[in-house]
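Contents: one structure, followed by commentary.
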Amino acid sequence: MTRLGWPLCLISMVAVAGVAFSAFARADVVTTRDGARLVGTVSKLTPTELALDTSYAGTITVVMEQIESFTTEQPLTLRLTDDTMVTGTTTIDSERTLQVRNETLTASAPLSNLRAGWLPAAAPPPESGVAAPRQWIYTVGADVAGKSGNSDEISTAIKADLALVTAVDELRMYASYAQAEQEDVETSDETIVGASYTAFMNDPWGWYVRGELERDPFEDIDLRSTISGGLSYRPINTESRTLKLWSGLGYRHESFESGVEDESTPTVDLGLNHRWMLKPWLTLNSEVSYAPAIDDFGDYLLVHESAFEMPVGASRWILRLGLRNDYKSEPAPGVDELDTAYYSRLLLRFD
């Protein structure tokens, strides 16, 4: 080694050690009641748990009851139960007192007064009660199936959805068209257009309105229009699972292609929607609605749809496998009560 070799080597070691020490010094530190010392970045904070992002074990969730104290070197944004919001480095002591410091103030509050804390550059968690920015999400999909040889068959389905969903309300609009031919004879022709709006005025309670138009000559439906409104209830609302129920009153009008006299009736409107992320790559969506006539509960419309959704790689494409059942207890003459459709559909979702 040259004369300059040792000094250069020593300088390099000091520089590396300095960088490592600097990174360590900037890290957040969580001390547990059993003496463990966890180092990382606090990314989420609630009165019941703390999320710590680490380079050695990913994101660790620590139950607040097991934490003796913690100190952050990175600022956190905190929202309290009185809706006060403050950003700064944060500590908590064994007395369960939060202290936040920034360039202009030092503030403290009991942990019980905290709604949630998060990194300033990140989206506020649901526990914070801060409404996420409104953003439209669009989904379009289509499937085409055909067969030739002993028989010629072709079917086409197109579906589009627009959704504006926040923590406090949901606006959805949708449209679908399905058509099929066998030996050049049309065997299916269905068009559906609808919209719904739900506002959670006092979560999990809320109110809703929804309406739908349908045309299906093969059910002898020239036009079926429904509108309803009432109360909604959302007992489960997490990132992996959502359950919504609704109950209200509505009105249904049906006109028929065969010339049968139009039917109009007030209805009860009952239903549920369930979304369950079974795996990161598999989600089950189910919806059931039941609308009996008020003056005759034996005259009702029951609609059920369930589908599995799987992302295609890391893209915006989604494969959807599902079925839909439409049951009309008193259909037009010569029309079956139950109409079932099975489908596999490739969807493109974007915002």
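Check GLY298 against each of (1) surrounded by 13 or more Cβ atoms within 10 Å (Cβ to Cβ); (2) in a strand (DSSP E or B) and name the one condition it does not meet.
In the conditions (1) surrounded by 13 or more Cβ atoms within 10 Å (Cβ to Cβ); (2) in a strand (DSSP E or B), GLY298 misses (1) alone.
For region 106-132, what are the residues that are free of Cβ contacts under 8 Å to residues at least 40 places away in the same chain and either more than 14 Å from THR90 (Cβ to Cβ) or part of a helix (DSSP H, G or I) (or both)? Give the derivation first.
Of the residues in region 106-132, the ones free of Cβ contacts under 8 Å to residues at least 40 places away in the same chain are 106-110, 113, 121, 123, 131-132.
Correct list: ASN113, ALA121, ALA123, ALA131, ALA132.
Has region 227-237 got at least one residue that is at pLDDT below 90 and either of a type in the set (Val, Ile, Thr) or crowded, with 17+ Cβ neighbours inside 10 Å (or both)?
As a first pass, look at region 227-237 and keep what is at pLDDT below 90: 237.
With either of a type in the set (Val, Ile, Thr) or crowded, with 17+ Cβ neighbours inside 10 Å (or both) added as a condition, the list becomes none.
No, every residue in region 227-237 fails to be at pLDDT below 90 and either of a type in the set (Val, Ile, Thr) or crowded, with 17+ Cβ neighbours inside 10 Å (or both).
So in region 24-58, with the set limited to residues that are in contact (Cβ under 8 Å) with a residue 12 or more places away in the chain, out of contact with any Ser or Thr (no Cβ under 6 Å at 6 or more places or on another chain) and of a type in the set (Gly, Ala, Ser), which one is surrounded by the fewest Cβ atoms within 10 Å (Cβ to Cβ)?
The qualifying residue surrounded by the fewest Cβ atoms within 10 Å (Cβ to Cβ) is ALA25.
Return a yes/no flag: does region 94-113 have any residue that is within 30 Å of GLU214 (Cα to Cα) and exposed (fewer than 15 other Cβ atoms within 10 Å of the Cβ). Outline the logic, then answer.
Restricting attention to region 94-113, the residues satisfying the condition of being within 30 Å of GLU214 (Cα to Cα) are none.
No, there is no match, as no residue in region 94-113 is within 30 Å of GLU214 (Cα to Cα) and exposed (fewer than 15 other Cβ atoms within 10 Å of the Cβ).
Given (1) at pLDDT 90 or above; (2) within 29 Å of SER315 (Cα to Cα), where does GLY117 come up short, assuming only one miss?
Here GLY117 meets the rest and fails (2).
Answer with yes or no whether SER315 is among the polar types (S, T, N, Q) and either touching a helix residue (DSSP H, G or I) at 6+ places or on another chain (Cβ under 8 Å) or part of a strand (DSSP E or B) (or both). Step through it out loud before you land on a result.
Values: among the polar types (S, T, N, Q): yes; either touching a helix residue (DSSP H, G or I) at 6+ places or on another chain (Cβ under 8 Å) or part of a strand (DSSP E or B) (or both): no.
No, not satisfied.
Of all the residues that make up region 59-77, how many are surrounded by 14 or more Cβ atoms within 10 Å (Cβ to Cβ) and assigned to a helix (DSSP H, G or I)?
1
Quick grid of which residues meet (1) closer than 24 Å to LEU348 by Cα; (2) in contact with a Ser or Thr (Cβ under 6 Å, 6 or more places away or on another chain); (3) not assigned by TED's automatic domain parsing to the domain that holds LEU213; (4) not polar (S, T, N, Q):
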residue: VAL140; (1), (2), (3), (4): yes, no, no, yes
residue: ALA157; (1), (2), (3), (4): yes, no, no, yes
residue: ARG172; (1), (2), (3), (4): yes, yes, no, yes
residue: PHE200; (1), (2), (3), (4): no, no, no, yes
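Check whether at least one residue in region 324-346 is modelled with pLDDT under 90, in a strand (DSSP E or B) and either of a type in the set (Phe, Trp, Tyr) or not assigned by TED's automatic domain parsing to the domain that holds LEU164 (or both), and report yes or no.
Yes, region 324-346 contains a residue that is modelled with pLDDT under 90, in a strand (DSSP E or B) and either of a type in the set (Phe, Trp, Tyr) or not assigned by TED's automatic domain parsing to the domain that holds LEU164 (or both).
For ARG241, are the conditions met, namely being among the charged types (D, E, K, R) and loosely packed, with under 15 Cβ neighbours inside 10 Å? Before the answer, list the steps.
Values: among the charged types (D, E, K, R): yes; loosely packed, with under 15 Cβ neighbours inside 10 Å: yes.
Yes; evaluated as a whole, the condition is true for this residue.
Could you please give the count of residues in region 51-105 that are closer than 12 Å to LEU38 by Cβ and either outside the structural domain of THR41 (by TED's automatic domain parsing) or under 28 Å from the mean Cα position of the chain (by Cα) (or both)?
Result for region 51-105: 9.
The values are calculated or read from the model by the stated rules, or taken from the named source; none is laboratory data. Keep in mind that what you see is a predicted model, and the values were worked out from it rather than measured. All Cβ positions, glycine included, derive from the backbone under ideal geometry; neighbour counts span all protein chains shown.
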